Amino acid sequence: MGFQQGLSGLNAAAKNLDVIGNNVANANTAGFKKGVATFGDVFVGSLGGGGGIGTQLTGVNQQFSQGGITVSNNPLDVAINGSGFFRMSNGGEISYSRNGGFLQDRNGFIVNGSGQNLTGFPAVNGVIVSGVLSNLQLPTTDLLPRATANTSVGANLASDAAIILSTFNPADPGTYNFSTTSSSYDSLGQAHTVSLYFNKTAPNVWRVNTYIDGVVANGAGGPTTLTFNSQGGLSTATNLVKSLALTNGAAPLLITLNMNQMTQFGSSFGVNALAQDGYASGQLAGYNIDSAGIILGRYTNGQTQALGQIGLANFANVQGLQPMGDNLWAASASSGVPLMGVPGTASLGLLQSAATEDSNVDLTAELVNMIIAQRIYQANAQSIKTQDALMQTMLNMQ
């Protein structure tokens, strides 16, 4: 049996060198997970007892330990820091990967180097649609304009301001105490100037006239009336809806004023807050991916909007995943069904954008393992050589 034992040892050492060589070859492959060859003895039973006739390869176990993180200049490069796999689709064929080197194809889809689509949760009007998996796509069209519907104003009206009872005239500063301006947008995305004129008509009572592009837009109720209490806080605000018909083809402006932040203290007039919810159209100028996988687009009109969210998958037994090559794995009966979720939830790791995960191969350790495998190969070859010498001696004795 000496020849069989030595031969099995040679085969085992050769297969071990194959695994080590594959690890070394992929030391620079992003997201690669090294393999470790495992062996078992070969036992043979007989009437006179049992014995071993060598060793055999029982499997190649991949080690899914975390690789290092390397920063890149591509915002679509994504590294997983922790457990989980990217879910890839190739015409509906699903696979899983740790290689986060992604790019954008001509149709805006996020793909890997082989053209397979990265999947995740899409966004509709900036809202992530959870529970629906699809191929992630960056928009190639403009962000549609949004007409202003609400304008918030926060300012302090000096309590010692003079009461003015003369007829209001926006061109005459003597007919009002204070003024401020804001912007608004119509349904076509064109900007308009909203001017607010504050006129004290009685103690703790103020009238606010609203003009848009120099045209009165007080609305059906007339000017806004603000009433303050003795502590300077706002008690009531009436006639807050303002409207103006436009001549540029856009829908009429219909704006609701929010005056909840208005005060009347002894200090001088000052505007503390101005905000409105409209914007012009805009083109996608850039994007970034946060640790939860949300792709946030930045537009030329200053707006930001969620474009989608990267989904991750995990498995009860990652060792049961079936290698497919090209840094991809497929689910199997041994791995269990994929457990989908968003980064940072359950057992899933977080993401780092503009970075990729390195191979987890330790070259120093692999070179040492290579030397050991080589010695084992030489030792088994020597055992065959020694067995051959014994057989030759026995033959010579005849």
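The values are calculated or read from the model by the stated rules, or taken from the named source; none is laboratory data. Just so you know, these numbers come straight off a predicted model, no measurement behind them. Cβ coordinates were reconstructed from backbone atoms using ideal geometry, including for glycine residues, and neighbour counts include every protein chain displayed. Accessible surface is based on the protein model in full, side chains and every heavy atom, while ligands, DNA and RNA are left aside. Shrake-Rupley method; radii C 1.70, N 1.55, O 1.52, S 1.80 Å.
Using Cα-Cα distances under 8 Å and only pairs 6 or more residues apart, what relative contact order does the chain have, in percent? Please report the intermediate quantities before stating the final value.
Values: 948 pairs, mean separation 94.8, N = 398.
Computed over the chain, the figure is 24 percent.
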Reachable lysines from Lys34, criterion Cα separation under 22 angstrom, eight or more residues apart if same chain
Lys15
Helix-only mean residue ellipticity at 222 nm for the chain, each DSSP H run of n ≥ 4 adding -39500 (n - 2.57), per residue, nearest 500:
-5000 deg cm²/dmol
Restricting things to Cα coordinates, could you compute the convex hull volume per residue of the chain in Å³?
213
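Rounded to the nearest 0.05, what FRET efficiency do Ile94 and Ser347 give with R0 = 25 Å and r taken as the Cβ-Cβ distance? Could you check? Before the final figure, lay out the partial values.
On the way: r = 20 Å, r/R0 = 0.79.
In this case the efficiency is close to 0.80.
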Calculate the FRET efficiency for Asp160 and Thr193 from the Cβ-Cβ distance with a Förster distance of 35 Å, rounded to the nearest 0.05.
0.75
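Any idea what the dipole of the chain comes to, in debye rounded to 20, about its Cα centre with Lys/Arg Cβ at +1 and Asp/Glu Cβ at -1?
Numbers: 13 positive and 18 negative charges, 56 e Å.
With only Lys, Arg, Asp and Glu charged at Cβ, the dipole is about 260 debye.
Pairs of alpha-carbon atoms within less than 8 angstrom and 6+ residues apart define the contacts here; what relative contact order does the stretch 187-284 have, in percent? Please report the intermediate quantities before stating the final value.
Working: 150 pairs, mean separation 20.6, N = 98.
Taking the mean separation of contacting Cα pairs over the length of the stretch 187-284, I get 21 percent.
So for the stretch 266-358, averaging the separation of alpha carbon pairs under 8 Å that are six or more residues apart and normalising by length, what relative contact order in percent results? Display every interim value, and only then the final one.
Numbers: 142 pairs, mean separation 22.2, N = 93.
Over the stretch 266-358, the number comes to 24 percent.
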Just the C-alpha atoms of the stretch 213-319: what Rg/Rh do they give, with Rh taken as the Kirkwood radius?
1.20
Identify all lysines with a Cα-Cα distance to Lys242 below 30 Å; exclude those on the same chain that are fewer than 8 residues away in sequence.
Lys200
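Can you give me the accessible area per residue for the chain, using a 1.4 Å probe, in Å²?
Working: 19910 Å² over 398 residues.
Per-residue accessible area for the chain comes out at 50 Å².
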Mind ranking 30-39, 95-104, 226-235, 338-347 by how tightly packed they are, going by the mean number of other C-beta atoms within 10 angstrom, highest first?
95-104, 30-39, 338-347, 226-235
Nearest 10 degrees, 0 to 90: helix 363-396 Cα axis against the chain principal axis
10
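If you take every DSSP beta bridge fully contained in the chain, what fraction is antiparallel? Give it as a percent rounded to 5. Mind dumping the intermediate values first?
On the way: 95 of 99 bridges.
Bridges in the chain that DSSP calls antiparallel: roughly 95 percent.
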Could you give the angle, 0 to 90 degrees to the nearest 10, between helix 2-25's Cα long axis and the longest principal axis of the Cα atoms of the chain?
20
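If I compute solvent accessible area with a 1.4 Å probe over the protein chains, what percent of it on the chain is carbon and sulfur?
Numbers: 10570 of 19910 Å².
C and S fraction of accessible area: 53 percent.
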According to a simple spin-label model (label point 7 Å from Cα along Cα-to-Cβ), what is the distance in nm between Leu144 and Gln261?
2.9
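Provide the net charge surrounding Ile164, with neighbours chosen by a C-beta distance below 11 Å and charges set as Lys +1, Arg +1, Asp -1, Glu -1.
Working: positive: Lys200, Arg207; negative: Asp172.
Cβ neighbours under 11 Å give a net charge of +1.
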